[in-house]
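For reference, the structure discussed in these notes is given below.
The values are calculated or read from the model by the stated rules, or taken from the named source; none is laboratory data. All values reported here derive from a predicted model rather than from experimental measurement. FYI the Cβ positions are ideal-geometry reconstructions off the backbone, even for glycines, and counts take in every protein chain you see.
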Amino acid sequence: MGSHKPALHAGHAGDSAQVQPIDPLHDIDGKKTVLSVAAFTVGVFLSMGLLAAAFAYVLEQEHQAKIFDRETTELNALRATEAAELTKTEDLGSGNQRISIDEAMRRLATK
């Protein structure tokens, strides 16, 4: 119990360690603070860029899987109708010939 020493306070006479006064102008190291804020800002923007790229990639993969890779009866029927329309032939005077894409688009637009 005798080994407990009281804490040093600035007001005691005979203290061997003096407490430094508070100096608000020199408490913050400006260079370290600016570098820390700049590094943090760069880190935030880089991580946001990486997250945006990852989100775009995942979104594209889901879009591909849910729209283009999935076979549906409506899509198959539409593809069959379009294929039949595009492979139609007609006599243009010199035998059977395929119709042009422009003619097929005009016919689909007028339906």
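The residue that is modelled with the highest pLDDT, among those in the stretch 75-111 that are of a type in the set (Asp, Glu) and surrounded by 11 or more Cβ atoms within 10 Å (Cβ to Cβ), is Glu82. Would a scan of the stretch 61-74 turn up a residue that is charged (D, E, K, R), part of a helix (DSSP H, G or I), at pLDDT 75 or above and under 30 Å from Arg106 (Cβ atoms)? Taking every residue of the stretch 61-74 in turn, at least one turns out to be charged (D, E, K, R), part of a helix (DSSP H, G or I), at pLDDT 75 or above and under 30 Å from Arg106 (Cβ atoms).
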